[in-house]
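One structure below.
Throughout, read-outs are computed from the coordinates displayed, never taken from laboratory work. Predicted, not measured: the structure shown is a model, and the values here were computed from it. When we count neighbours, we look across all protein chains shown, and the Cβ atoms used for this are built from the backbone with ideal geometry, even at glycine.
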Ligand SMILES: Cc1cc2nc3c(=O)[nH]c(=O)nc-3n(C[C@H](O)[C@H](O)[C@H](O)COP(=O)(O)OP(=O)(O)OC[C@H]3O[C@@H](n4cnc5c(N)ncnc54)[C@H](O)[C@@H]3O)c2cc1C
């Protein structure tokens, strides 16, 4: 791909940006460029060796996810939850068990991993995505277009849709400057899940299922705060995946792994040690998702500030992305909602 100008430039090839391009295509607009800082697409959706290290679950009421999956002909399946689940509320007390209520709806997962959705969106528009291209500056040009300055060349567009999480987008320079009230909102908008550490462990057999364990383990006091069965939809690979206690963020990788495996061995048995692969992902160490300081996190953020609904830079710049959505902000559903909204807005402007 060599072109440096497009009618629309989308900054960020996460779920929101790819959805916007997908909808624009459907509406007949094909003069699009997507600029992505990472050397991969997907943003906070990352599936490696069958493990969803980013977004994983959705439910019936997440209508945008459900519709997009239908549209892309991608299947969904229930999170496995049969059998005994473990509740750890005190590491010195014996394990407590609970059974999931078979009548309460379980969350869904995406067949093929969450990245199936990303790969499908991108397959329609692969030649317009430029990875390893970090946007540094967006400025108005004399001919009423915008110049997008990156570490990999300059680009021109009539309209730019920026899907970088708002707080990360404060690293970009804008000329003319954005209103102070907007910059303040951007700075305050916590990037959902940017502090999470996930672990994924794959096994030859689902030994926990054989012992009537669901694979679910919940509790704030141990090395793993939440764990779930993460076997694939076809039940060909068997994994456990969950969230690591953030108290282990700064210990060595070796110590963290030992403490995680010790914890799981205690509650699920010695077979935990016979794993095929063990992987971790600390999103706080990932510059394209996380901000420099995570010392304090406002855990119930309100997303979708109305300031994200307006155009900036004289009607040529629009903000989008999960954190700009008033509905299910921070989640995949919000990312898709904002992506659809952005496409409709730039077309009708
Ligand atoms: C650990 C974890 C677990 C999660 N679990 C769930 C879940 O179970 N269910 C759910 O619904 N949601 C979940 N989420 C949230 C979900 O992943 C997000 O809502 C969604 O993926 C956000 O998509 P987005 O496109 O808005 O943003 P992003 O995916 O963050 O995309 C933004 C893109 O912009 C790029 N970028 C950043 N800076 C620049 C720059 N200067 N120039 C160019 N590109 C740039 C980034 O690399 C990225 O690709 C989870 C997230 C994480 C991290």
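Taking 0.36 nm per residue of separation and subtracting the Cα-Cα distance, what length does fully extending residue 265 through residue 60 add?
Between residue 265 and residue 60, full extension yields 70.4 nm more.
Using alpha-carbon pairs under 8 Å, 6+ residues apart, how would you state the relative contact order of region 57-205 in percent?
Answer for region 57-205 is 15 percent.
What is the extension gain from residue 5 to residue 49, computed as 0.36 nm multiplied by their sequence separation minus the C-alpha to C-alpha distance, in nm to one decimal?
Here the answer is 12.2 nm.
With label points built 7 Å along Cα→Cβ from the Cα atoms of residue 221 and residue 349, find their separation and express it in nm.
The two pseudo-label positions are separated by 5.4 nm.
Mind giving me the FRET efficiency for residue 127 and residue 151? R0 is 30 Å, r the Cβ-Cβ distance, nearest 0.05 is fine.
0.90
What percentages, rounded to whole numbers, describe P(r) for region 84-237 computed over all alpha carbon pairs with 10 Å bin width beginning at zero?
Values per bin, smallest distances first: 8, 23, 24, 19, 17, 9, 1, 0.
Counting other beta carbons within 10 Å of each residue's own, what order do 259, 302 fall into, fewest first?
Least crowded to most crowded, the residues run 302, 259.
Using 0.36 nm per residue of separation minus the Cα-Cα distance, give me the extension gain between residue 25 and residue 258 in nm, one decimal.
Roughly 79.0 nm would be gained on extension.
For a quick check: sort 229, 127 by the number of other beta carbons within 10 angstrom, fewest at the front.
127, 229
Sorted from largest to smallest, which semi-axis lengths in Å does the alpha carbon gyration tensor of region 27-91 give for its equivalent ellipsoid, taking the root of 5 times each eigenvalue?
Calculated on Cα positions only, the semi-axes equal 33, 19, 11 Å.
From the helices alone, meaning DSSP H stretches of at least four residues, give me the mean residue ellipticity at 222 nm for the chain, per-run term -39500 (n - 2.57), in deg cm²/dmol to the nearest 500.
Mean residue ellipticity at 222 nm (helix-derived): -7000 deg cm²/dmol.
Compute for region 175-324: radius of gyration divided by Kirkwood radius, i.e. Rg/Rh, restricted to C-alpha atoms, rounded to two decimals.
1.12
In region 163-242, what is the volume of the convex hull around the alpha carbon atoms, normalised per residue and reported in Å³?
144 Å³
Gap in Å between the Cα centre of region 153-213 and the Cα centre of region 65-117?
For region 65-117 versus region 153-213, the Cα centre distance is 23 Å.
For the chain, take the longest principal axis of its alpha carbons; what is the angle in degrees between that and the long axis of helix 332-348, to the nearest 10 within 0 to 90?
10 degrees
Can you tell me the 0 to 90 degree angle between the C-alpha axis of helix 63-72 and the longest principal axis of the chain, rounded to 10?
Around 80 degrees separate the two axes.
Quick one: compute the contact order of the chain, relative version, from alpha carbon pairs under 8 angstrom and 6+ residues apart, as a percent.
Computed value for the chain: 22 percent relative contact order.
If you rank 120, 277 by fewest surrounding Cβ atoms within 10 Å, what's the result?
Exposure proxy ranking, most exposed first: 277, 120.
Return the equivalent ellipsoid semi-axes of the chain as a descending list in whole Å, where each equals the square root of 5 times an eigenvalue of the C-alpha gyration tensor.
Its equivalent ellipsoid spans semi-axes of 39, 21, 18 Å.
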